[in-house]
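**Student:** One structure follows; several queries about it will come next.
The values are calculated or read from the model by the stated rules, or taken from the named source; none is laboratory data. These numbers come from a predicted model, not from an experiment. So basically every Cβ, Gly included, is an ideal-geometry build from the backbone, and we count neighbours across all protein chains shown. Side chains are part of the model used for accessible areas, which takes the heavy atoms of the whole protein and leaves out ligands, DNA and RNA. Shrake-Rupley method; radii C 1.70, N 1.55, O 1.52, S 1.80 Å.
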Amino acid sequence: INFLKYHTNSILGGFFMNTKKVFVGAAAVLSLSALTLAGCGNNSSKEGSDSSTQKASLPIAYNNKKASVKGGTLKIGMVSDSAFKGIFATELSEDNYDAEVGQFALQSLFNYDDDYKFVKGGAADISFNDKDKTATIKINKKVKWSNGKPLTSKDVEFAYEIIANPKASGIRYTDSLKNIKGMEEYHEGKADTISGIEMKDEHTVVLHFKQMTPGMLTSGSGYIWESAEPYEYLKDVPFDKIESCDQVRKNPVTFGPYKFNKIVSGESAEFVPNPYYWGKKPSLDKITIQTVSSATAGAALKSKKYDIMFDEPRSVYGDNKKPKGYTMVGKPELSYSYMGFKVGKFDSKKGINVENKNAKMNNKSLRQAMAYAMNVQQVSDKFGYGLNTRATSLIPGVFKEYKNTELKGFPQDVDKANKLLDKAGYKKGKDGYRKTPDGKKLTINVAAMSGSANQEAIMKNYIQCWKKVGLRCKLTSGRLLDFNNFYDKVQADSKDIDVFFGAWSLSSEPSPADLYSEAAPFNLTRFVSKKNTQYLKNIDSQKAITDHKWRVKQFKEWQAWMNEQAYVVPLQDYYDSVPVKNNVKGFTEQTSKSYTLWENVSLTK
């Protein structure tokens with residue numbers, strides 16, 4: 001099932017690359033005009049073991065050779081059936097909608113090449129010393145915030161303090177950042193500052209690590225925070241109020257090519273050029289971005305209401321692959337969707353996930369059976385329009401070197417699902433539904449996001465698949481949940497969620513530590529395993545720096561182990577498609593050009 005059509009990290013100009021992983025919305029959920037899938041029709045349904053194939057092949061950029069006009073307003077539509085939260089501080093924001101809205105103003109510190117390796121030319125440059133276990137950040141002295149104040153070392157340190165301060169949300173405080181000396185002491189209130197962050201002067205910061213890791217040279221590793229926050233602007237706001245304060249929600253101060261000019265909460269935002277921008281002066285007079293319902297997205301394209309549309313629904317792409325007056329650009333996405341099984345809770349006081357061995361879903365056979373009962377490939381093949389691939393592991397295909405291509409994932413196999421359940425003691429009662437191994441009624445609560453008029457039909461399809469193997473499943477709250485409500489409940493480990501469908505927008509460094517470690521708040525299933533911990537440590541170890549083949553081997557073994565445990569079941573990999581009106585110039589999804597993308601986008605006649 002498709003829960004996303006999010007805008008890729010490359011387009012976000014690095015803004016959320018540094019956040020490691022962010023929730024993906026349901027705005028462009030696969031639209032099914034009629035759900036006529038045969039895969040759940042009988043008990044012997046079986047799909048082929050090969051994953052579905054992406055057929056889309058779109059140009060990575062739109063080359064408009066016409067001369068640019070001076071100024072103009074670029075109008076962008078962002079497909080979403082939920083209001084965006086409007087948290088414009090990367091240390092506190094959790095989802096991709098805020099990233100998309102803020103990308104024109106919120107620039108990351110560092111530039112990177114097509115392989116996401118750090119290169120010079122950003123608001124700051126970074127270099128590493130493996131022997132000393134340090135990273136040195138040199139801030140470009142020309143960089144100023146949109147209020148005219150200079151970007152300083154304190155602004156870099158302040159971002160780390162927001163992440164680690166226990167009074168803030170803590171959503172970004174992970175094992176990766178604990179690698180900086182003094183982070184844990186600061187988080188636990190044992191120190192007033194982070195000892196491993198050394199401000200040598202106004203424009204130089206030295207980070208001191210416990211160990212060096214192979215991903216540090218790459219944007220999105222999670223070990224380096226790639227944003228800064230304006231300390232002078234926010235210093236009087238208590239840490240527990242930063243997320244809700246006007247300085248973050250209504251009047252953000254930024255150092256990107258544009259600055260916020262107007263925000264209509266949850267609905268739209270308007271940007272004008274930042275007069276203090278350190279780079280090339282942007283071409284446009286104004287950029288507007290507005291939410292568009294999935295039901296009206298197709299009509300908006302046909303009427304040419306927007307110059308660019310983010311999160312175009314799969315159904316709109318399928319119905320209108322070549323919209324008149326637009327060029328479609330695209331590339332494989334750094335993302336995947338998944339089905340997760342709740343097996344514990346997050347202990348906010350200890351900052352760790354705590355698994356409940358007696359949890360309803362803490363039975364490997366039950367989890368595997370649910371995965372094998374689903375007709376994911378059939379849904380993908382019929383309604384993905386060449387943009388989807390059935391995922392076979394928790395490393396998407398875009399990471400070719402690290403992907404374990406020998407894995408088949410969970411192709412539908414109803415016979416196998418039934419055998420797993422029978423062997424595990426989930427016997428059927430007279431009503432045809434299975435009971436727990438100790439003979440009690442089994443009802444599985446499934447949480448899923450709304451996203452299109454037909455999303456309910458999609459979920460009914462899967463509920464029927466599970467019914468065919470004797471599993472009684474029902475939607476949490478009896479309905480689909482809106483994006484914000486869904487993740488609020490999932491993060492809070494709500495008692496009425498046993499299984500949930502989600503999606504991740506990934507960073508460009510494939511390490512899964514910030515999603516699945518014991519201390520990761522994003523480990524939403526709450527599973528904990530010594531073997532998993534060891535795999536994650538191996539992947540990011542110092543040995544992995546010098547022995548790349550060994551690191552790749554750890555990645556591939558981890559994927560196989562995760563499939564076997566099935567705490568998180570991979571569903572879909574994706575291909576991005578973006579409609580770009582033919583009067584837009586300079587738009588590209590090329591990674592190495594994403595950092596300066598918006599300063600180069602203009603309009604033609």
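**Student:** Report, in listed order, any pair from 342/427; 46/440; 324/593 with a Cα-Cα distance greater than 25 Å.
**Tutor:** Result: 46/440; 324/593 exceed 25 Å.
**Student:** Counting each DSSP H run of 4 or more residues in the chain as -39500 (n - 2.57), what helix-only mean residue ellipticity at 222 nm follows after dividing by all residues, to the nearest 500 deg cm²/dmol?
**Tutor:** -6000 deg cm²/dmol
**Student:** Okay, next question. Any chance you could check the Cα centroid distance between the range 554-580 and the range 179-252 for me, in angstrom?
**Tutor:** The two parts, judged by their Cα centres, are 30 Å apart.
**Student:** Over the chain, what portion of Cα pair distances is larger than 34 Å, expressed as a whole percent?
**Tutor:** The proportion of pairs with Cα distances above 34 Å equals 40 percent.
**Student:** Here's something else I'd like to know. Below 11 angstrom from the Cβ of residue 450, what's the summed charge of the other residues (Lys, Arg +1; Asp, Glu -1)?
**Tutor:** -2
**Student:** If you roll a 1.4 Å probe over the heavy atoms of the protein chains, what accessible area per residue do you get for the chain, in Å²?
**Tutor:** 38 Å²
**Student:** Also, I was wondering about something else. Could you work out, for the range 498-561, what percent of all Cα-Cα pairs fall into each 5 Å distance bin, beginning at 0 Å and stopping at the bin that holds the largest distance?
**Tutor:** Each 5 Å bin holds this share of Cα pairs: 3, 16, 26, 25, 18, 8, 2, 1, 0.
**Student:** Under 16 Å Cα to Cα from residue 495, which aspartates and glutamates show up? Leave out anything in the same chain fewer than 8 places away.
**Tutor:** 347, 355
**Student:** Further question on the same structure: Could you put 233, 276, 574 in order of accessible surface area, largest first, with the 1.4 Å probe and the full protein assembly present?
**Tutor:** 276, 233, 574
**Student:** Under 17 Å Cα to Cα from residue 581, which aspartates and glutamates show up? Leave out anything in the same chain fewer than 8 places away.
**Tutor:** 307, 311, 312, 589
**Student:** For a protection proxy built on the mean count of beta-carbon atoms within 10 angstrom, sort 329-341, 460-472 highest first, please.
**Tutor:** Averaged packing, sorted descending, gives the order 329-341, 460-472.
**Student:** Excluding same-chain residues fewer than 8 positions from residue 549, which lysines have a Cα within less than 24 Å of its Cα?
**Tutor:** In chain and number order, the partners are 20, 117, 131, 133, 210, 400, 403, 408, 530, 531, 537.
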